[in-house]
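Visitor: Below you'll find the structure I mean.
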Amino acid sequence: MIKINLHDYREEINRSTIQKHVLMSVSVVMGSVLMILFSLLIEKSRISKVDMEVRTLQSQVTALQGQVNLVRNLQARQRRVNTILTGIENLRANQMPATQTLYDVNLSLPEEIWLTKITQMDKQGLSSGQVPTIFFDNPVANGAANTPQPAAANTKKKPAKEFLLLEGHALEDDAVARFVERLEKIPYFDMVFLFKTELALIGKTKVRKFSIYCYMPTTQNKTAA
């Protein structure tokens, strides 16, 4: 009679089953670890690529900085030209020798100065601005006071707009003085008078705000044209 020990057989089967479960668990854990490591490597590679792109872009920005500064300077010059052109149109509307006058004024501008407004006015307008007219000697007006004029002519004749008001800003104090000196060299300006300067803020930048009056007699207006 043959006897079989089933107890040992069952233990062997249980041991084999446990080993399979352990191997499966270890395989799952190892697989998960490998996937995590693979993801980390991919993410690291992606971060390295992004860092490289950022450095490339930074180098490009640095290389373009000179061109950006040039564009900004051109934009500033364009705004300055637009201001001058606006002044030209205003002067043309008042029948003043605009082209030559504005050309000479623009030529006299230091780099540290930009004009914000150009106004043409007569002596009455000058007085309303509380400017002391003693600084301006108007030979045309004096001669007209001593010479009798027909009543009809006096009613039709408009006051001559012989005064030019230049308003603007300067980055340096001495730039205003240099501007006045250059204006005084324009031959048809009999008098250049710095009326007012004051400190002002444009954003966070301190500038010098100024007003300058130029006297150009009517007889010399014709010469300037």
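The values are calculated or read from the model by the stated rules, or taken from the named source; none is laboratory data. This one's a predicted model, so the numbers in the text were calculated from it and none came from an experiment. Positions of Cβ are backbone-derived with ideal geometry, glycine not excepted, and every protein chain shown enters the neighbour counts.
Visitor: Looking only at residues in region 148-172 that are surrounded by 15 or more Cβ atoms within 10 Å (Cβ to Cβ) and more than 12 Å from ILE212 (Cα to Cα), which one is modelled with the highest pLDDT?
Guide: My answer is ALA170.
Visitor: Can you tell me which of (1) modelled with pLDDT under 85; (2) under 24 Å from THR86 (Cα atoms); (3) aliphatic (A, V, I, L, M) is the one ALA175 doesn't meet?
Guide: Every condition holds for ALA175 apart from (1).
Visitor: Filter region 109-130 down to the residues that are crowded, with 18+ Cβ neighbours inside 10 Å and under 12 Å from LEU164 (Cβ atoms), then identify the one that is modelled with the lowest pLDDT.
Guide: Only one residue fits best here, namely LEU126.
Visitor: A further question follows. Hey, among ILE36, ILE42, ILE84, which residue is assigned to a helix (DSSP H, G or I), modelled with pLDDT under 85 and not polar (S, T, N, Q)?
Guide: The unique qualifying residue is ILE84.
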